[in-house]
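> Would you mind keeping the following structure in view while I ask a few things?
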Amino acid sequence: MEVNKSIKCSIENCKYNYPSEDYCTLSQIKIGTHEANPTVIECTDCESFELK
Ligand code: SF4
């Protein structure tokens, strides 16, 4: 797995995470929301997440 220096991420439970460097290894990710009207950072989700 190679890190994507354009996507920093610290979610170590994700199978696409490169934990020693805090980067994602995907070439692109999709961000979405679980809220009808997102207003704060907690409303946003990485929809490319997959459990390791
Ligand atoms: S897919 Fe999303 S949650 Fe997983 S390492 Fe990449 S940015 Fe982080």
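The values are calculated or read from the model by the stated rules, or taken from the named source; none is laboratory data. Note that the structure is a prediction, hence the values are computed from the model and not measured. Counting neighbours? That spans all protein chains shown, and the Cβs are built from the backbone with ideal geometry, glycine included. Accessible surface areas use protein heavy atoms only, side chains included; no ligands, DNA or RNA. Shrake-Rupley method; radii C 1.70, N 1.55, O 1.52, S 1.80 Å.
> For the stretch 31-52, what are the residues that are open to solvent by 70 Å² or more (accessible area, probe 1.4 Å) and more than 15 Å from residue 11 (Cα to Cα)?
To start, the set of residues in the stretch 31-52 that are open to solvent by 70 Å² or more (accessible area, probe 1.4 Å) comprises 31, 34-37, 39-42, 44, 47, 49-52.
Correct list: 34, 35, 36, 37, 39, 40, 41.
> Could I ask something else about it? What's the number of the only condition in (1) open to solvent by 90 Å² or more (accessible area, probe 1.4 Å); (2) near the ligand (Cβ under 9 Å from one of its atoms) that residue 4 fails to meet?
Single failed check for residue 4: (1).
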